[in-house]
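Q: To start, I am sharing the structure in question, which I have written as structure tokens.
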Amino acid sequence: MLATAVVAAVTTPAILLSVTPALADAKQSAASQAQQRGEQDKPSIEELEKAAEKAQKAYDDAVAADKAARAVLETALSDDAPLSVAAKAAKKEAADAATAKENADKALADAKAALAALPETATAEEKAAAEKAVTDAETAAVSAEGAKATADEKAATAGRARDDARVAAVREYSKVQNAAKAALKVKEAADKALADAKDEETEPEEPSCVFESKLSTVVTGLPSKIVAGSTTDFSLRVSNGTDRTLDEVSPRVYFHATDKGGYNVIDDAFHLQWSTTASPTWKNVDKGSNAGSISPLKAGAHADVKLRLKVDAKAPAGYGLAFVAGNYVNDDESCGGNLSTEYAFELLAAGSAVPDDVDDAEPGKTTPQTPDNKPQGGTSTTPVNSDNADNTADTGALASTGSPSALPQFATAAGAAMALGAVAVFVSRRRKAGSAS
């Protein structure tokens, strides 16, 4: 009977029994469908929506089960629970039985003391009455002792039943809690998969920028010999040879150099600034940044950007290239640019004397090479994007050029990466920023 009462007190409501199957079903819908179809066959939006609905239902059921299990737990822990009431009553009975035994023991002791205190002059009737009192007290004491033992056992049994019910309720609630947490994780994963799929479906395609040979970028005034520790001013002319206005044109200039051995890259020794008539204050050209912006540049027009190069005095003697290119982005998000032109120069150690008639650096005629070092021939027009220039810092192979300088393969093979790729990324970021506003 007692075991039946314990089971009845902690039996989990029927809703709890549905949590695990529902959770498993949601996991099957959310995670296993891809395996059934094959790894490369992505689920459709409709399938992901159904999986999310199942996961949501499993989670809702788990939350309801959690609430029901908590109610069971609170009932089991309550002093008003049937087993708690029974344990309390049994404990009181045991306490009353203990008191009754104490009284019976005292009564027996008093009866014995009264018998022993009878005087020699006591009558036979008095002796008989005292002896009977002792016998009755002994019988009562034995009965009280048995009643106490029975009450103690009953109280212990009732207490264990109450405690077992409480432990069982705590365990059941813990299981349901874990099921709810697992259901939440499945739901969140299903929701994320659906959201990601919708984002992929609605995300605009990345812009495809085009090569524009009629956008020219020409450097003037950059000497072919530069001394470390010096400051050199030169200019860049950007010309729009197309038949349309380019809404925003961004010149890009990047300096790359090595020591004479060709293995020690010293790009960080070069610091470039720009200014224009419209923006006369000198501004730094950080790695990956444009050398100003021309907005707009009309068809057939040109614009000049002033450039100032500062070279650290600690830079060793060596050889370098200036990569020059131009990108454009229109208001309709069409974009493009030219490929970079390379201007070779010699870097002299700090304190070196430079002749007054030193020639300006001219667009170099190098021998372009593919990444596997196979010569291609022709004039080098290396794509430029200083975002990725430092990725080639460890390149040490040398390539011959039209000048006496030995320039790294960096200059002829990959340069500083793709200008059109840089402007495409810019357009993509601008598009996303516009959609978020």
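Q: Inspect all residues belonging to the stretch 184-205 and state whether any of them is under 26 Å from THR341 (Cα atoms) and buried (at least 21 other Cβ atoms within 10 Å of the Cβ). Steps first, please.
A: Of the residues in the stretch 184-205, the ones under 26 Å from THR341 (Cα atoms) are none.
No.
Q: Answer yes or no: is there a residue in the stretch 290-299 that is of a type in the set (Lys, Arg) and within 25 Å of ASP331 (Cα to Cα). Reasoning before the result, please.
A: Filtering the stretch 290-299 down to residues of a type in the set (Lys, Arg) leaves 298.
If we keep only those that are within 25 Å of ASP331 (Cα to Cα) as well, we get 298.
So far as the stretch 290-299 goes, yes, one or more of its residues are of a type in the set (Lys, Arg) and within 25 Å of ASP331 (Cα to Cα).
Q: Can you find a residue in the stretch 64-71 that is without any contact (Cβ under 8 Å) to a residue 40 or more places away in the chain, within 30 Å of THR157 (Cβ to Cβ) and loosely packed, with under 14 Cβ neighbours inside 10 Å?
A: yes
Q: Taking the condition of a type in the set (S, T, N, Q) and modelled with pLDDT of 50 or more, does ASN338 pass? Full working, then the answer.
A: Details: of a type in the set (S, T, N, Q): yes; modelled with pLDDT of 50 or more: yes.
When the stated conditions are applied, ASN338 passes them.
Q: While we're looking at this one, here's another question. Hey, among THR157, THR150, THR135, which residue is assigned to a helix (DSSP H, G or I) and over 22 Å from SER84 (Cα atoms)? First the steps, then the outcome.
A: Numbers: THR157 fails: over 22 Å from SER84 (Cα atoms); THR150 fails: over 22 Å from SER84 (Cα atoms).
One residue alone meets the criteria, THR135.
Q: Looking at the stretch 105-120, is at least one residue in contact (Cβ under 8 Å) with a residue 60 or more places away in the chain, part of a helix (DSSP H, G or I) and surrounded by 15 or more Cβ atoms within 10 Å (Cβ to Cβ)? Reasoning before the result, please.
A: Within the stretch 105-120, the subset in contact (Cβ under 8 Å) with a residue 60 or more places away in the chain is none.
No: zero hits.
Q: Exactly one of these conditions fails for PRO316: (1) of a type outside the set (Lys, Arg); (2) over 23 Å from ASN240 (Cβ atoms); (3) free of Cβ contacts under 8 Å to residues at least 24 places away in the same chain. Give me its number.
A: All conditions are met except number (3).
The values are calculated or read from the model by the stated rules, or taken from the named source; none is laboratory data. In this text, all values refer to a predicted model and were calculated from it rather than measured experimentally. Cβ sites come from the backbone with ideal geometry, for glycine too, and all protein chains shown count toward neighbours.
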